[in-house]
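Bear in mind that the values in this text are calculations on the coordinates, not laboratory data. Because the structure is predicted, anything quoted here is derived from the model rather than measured. Counting neighbours? That spans all protein chains shown, and the Cβs are built from the backbone with ideal geometry, glycine included.
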Amino acid sequence: MTQTVNNSLSNASIHRTVLNNGIVVLVAENPVADIVATRMFIRAGSCSEPREKAGLAHLLATVITKGCDGLSSLEIAEEVESVGASLSADTSTDYFLMSLKTVTADFPHILGLAGRILRSPTFPTTQVELERRLIINHIRSQTEQPFALAMEQMRRVMYQNHPYAMSILGDESTVNSITQADLIQYHQTYFRPDNLVISIAGRITLDEAVALIESVFGDWQVPNQTLPKLNLPQIRLQPQHQLQPLQTQQSIVMLGYLGASVSSPDYAALKLLCTYLGNGLSSRLFVELREKRGLAYEVSAFYPTKLHPASFVVYMGTAPENTTIALEGLRTEVELLCHTEITETNLQAAKNKILGQYALGKQTNGQIAQIYGWYETLGLGIDFDSQFQELIAAVSSQDALMVASRYLQEPYLSLVGQEEAINRAILE
């Protein structure tokens with residue numbers, strides 16, 4: 001069965017087809033440029049790895065393109081670069097992603113190569129060890145970055161035993177414990193046709209795309225074993241503060257609140273509150289705390305779209321002597337959302353901003369393939385493109401106040417900076 005949805009932003013129709021082996025194929029026909037972009041999503045990310053093997057999904061993503069059945073890392077690179085294409089892999093908390101882009105004429109060849117890599121990676125020992133060292137160096141470098149340290153503290157205290165508590169990179173101990181056998185086991189467990197979404201956008205028709213996918217993946221059989229079900233622990237609300245002394249020229253002041261998942265009715269209002277509060281030079285935090293009071297080197301808010309409850313975070317980088325007043329300023333601005341309605345003018349400005357940025361994020365074939373594949377992988381469906389815009393437009397000032405009161409009352413606090421400055425901020 002094929003489902004078709006019109007995408008008003010790109011003037012393209014999005015077709016959804018499910019193959020016999022369970023692969024979901026999304027196709028956006030866009031004949032304007034002679035380019036085809038593809039995103040292949042596996043519905044498993046760092047949430048699917050054992051806690052003691054944190055970083056497994058990320059390590060797999062770094063090595064999966066470094067060797068497959070019959071091809072070495074160098075041969076794969078040469079095949080991709082010889083036609084000027086791009087092919088890469090990445091992972092997140094909720095999914096694995098392989099991305100490719102090429103001119104239309106070379107798409108069948110590069111798709112075939114991507115299929116071999118996705119289905120039959122070899123995880124060469126030398127490449128695994130090389131990537132392991134690079135990841136560990138990255139983890140070590142983050143111990144010198146105030147924002148990374150503050151975020152690490154925030155994740156661990158907010159999410160406790162939930163997989164979201166861990167960095168996607170893992171830590172030194174867990175990354176060192178990952179073996180080639182672990183990579184093979186993770187791949188065999190989750191890389192299967194009934195767990196795969198392939199999203200394509202570009203100069204290609206639905207029939208052409210489905211025929212190519214069938215030729216590369218049609219013989220891939222669904223294993224007899226059922227997919228493991230995630231049994232994630234409940235996240236308990238236990239707001240508290242965490243301090244990390246560090247000899248640095250700035251303090252990072254971070255407030256965190258446990259928000260909602262993307263499937264929650266409160267998701268749109270939280271997205272809008274985040275945009276109003278800390279997105280860009282016209283945001284409330286930037287204007288009030290940086291422009292008017294000169295407190296911030298940087299100030300922002302973020303609320304990522306997640307399959308499970310996401311963190312709503314506001315933070316500021318400030319001079320050590322301003323740590324206490326910066327903390328007070330952030331608290332005041334968030335608390336204001338909980339007992340004062342945003343004016344209609346400011347609410348509409350935030351809606352215009354978020355919807356404008358959303359439209360600009362769907363201009364290229366790669367962006368179109370990404371967003372529809374992402375929605376499908378999160379279980380939202382391709383209709384969510386229009387639903388998201390409608391949900392944002394429908395948020396009222398009263399809705400925003402109610403949701404802020406529900407989620408943004410008592411924060412987790414993460415402070416990183418000179419010991420005297422961060423201790424004083426807590427005491428005062």
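How many angstrom lie between the C-alpha centres of the range 168-188 and the range 75-111?
Computed from Cα coordinates, the inter-centre distance equals 24 Å.
Got a sec? How would CYS338, CYS47 order by Cβ neighbour count within 10 Å, fewest to most? Walk me through the numbers on the way to the answer.
Numbers: CYS338 15, CYS47 19.
With the fewest neighbours first, CYS338, CYS47 line up as CYS338, CYS47.
Place the peptides 139-147, 124-132, 90-98 in order of packing, highest mean first, counting for every residue the other Cβ atoms within 10 Å and averaging per peptide. Walk me through the numbers on the way to the answer.
Values: 139-147: 14.0, 124-132: 15.7, 90-98: 22.2.
Most protected by this proxy first, the peptides run 90-98, 124-132, 139-147.
How are the alpha carbon pair distances in the chain distributed across 20 Å bins from zero to the largest one, expressed in percent?
24, 53, 23, 0
Step through the residues of the range 45-56 one at a time and calculate ³J(HN,Hα) from phi using the Karplus curve (6.51 cos²θ - 1.76 cosθ + 1.60, θ = phi - 60°), rounding each to whole Hz and writing x for Gly and Pro.
The phi angles translate into x, 5, 5, 9, 9, x, 4, 6, 10, 3, x, 4 Hz.
Using modelled backbone amide H atoms (1.01 Å from N, in-plane), which distant-in-sequence or interchain residues come within less than 5 Å of LEU196's amide H?
Those qualifying (amide H under 5 Å, at least 5 residues apart or on another chain) are VAL24.
Past the 26 Å Cα-Cα mark, which pairs from LYS101/LYS362; LYS53/LYS362; LYS101/LYS351? Walk me through the numbers before you get to the answer.
Details: LYS101/LYS362 16 Å; LYS53/LYS362 35 Å; LYS101/LYS351 32 Å.
The answer is LYS53/LYS362; LYS101/LYS351.
Working from Cα positions, state the angle (0 to 90°, nearest 10) between the long axis of helix 180-190 and the longest principal axis of the chain.
For 180-190 against the chain, the angle is about 80 degrees.
Would you mind putting 268-274, 234-240, 166-172 in packing order, based on average other-beta-carbon counts within 10 Å, highest first?
Details: 268-274: 24.9, 234-240: 11.4, 166-172: 18.6.
Highest to lowest by the protection proxy: 268-274, 166-172, 234-240.
Using only Cα atoms, tell me the angle between helix 384-394 and the longest principal axis of the chain; keep it within 0 to 90° and round to the nearest 10.
20
Can you list the HN-Hα couplings for the range 318-327, worked out from phi with the Karplus curve (6.51, -1.76, 1.60; θ = phi - 60°), rounded to whole Hz and with x for Gly and Pro?
Result, rounded to whole Hz: 9, 5, x, 5, 9, 4, 5, 5, 5, 4.
Neighbouring Cβ atoms within 10 Å as the yardstick, rank LYS66, LYS229, LYS306, LYS353 fewest first. Provide the component values of the computation, followed by the final result.
Details: LYS66 23, LYS229 6, LYS306 20, LYS353 17.
By the 10 Å Cβ count, ascending: LYS229, LYS353, LYS306, LYS66.
Please determine, in degrees from 0 to 90 and to the nearest 10, the orientation of helix 107-119 with respect to the longest principal axis defined by the Cα atoms of the chain, where the helix direction is its Cα long axis.
70
Could you work out the per residue convex hull volume over the alpha carbons of the range 2-217, in cubic angstrom? Walk me through the numbers before you get to the answer.
Values: hull volume 31.5 nm³, N = 216.
Normalising the Cα hull of the range 2-217 by residue number yields 146 Å³.
Can you sort THR305, THR174 so the residue with the fewest Cβ neighbours within 10 Å comes first?
Numbers: THR305 15, THR174 21.
The fewest-first ordering by Cβ neighbours comes to THR305, THR174.
For the range 321-386 and the range 390-411, compute the distance between their C-alpha centroids and round to whole Å.
Centre-to-centre (Cα) distance: 12 Å.
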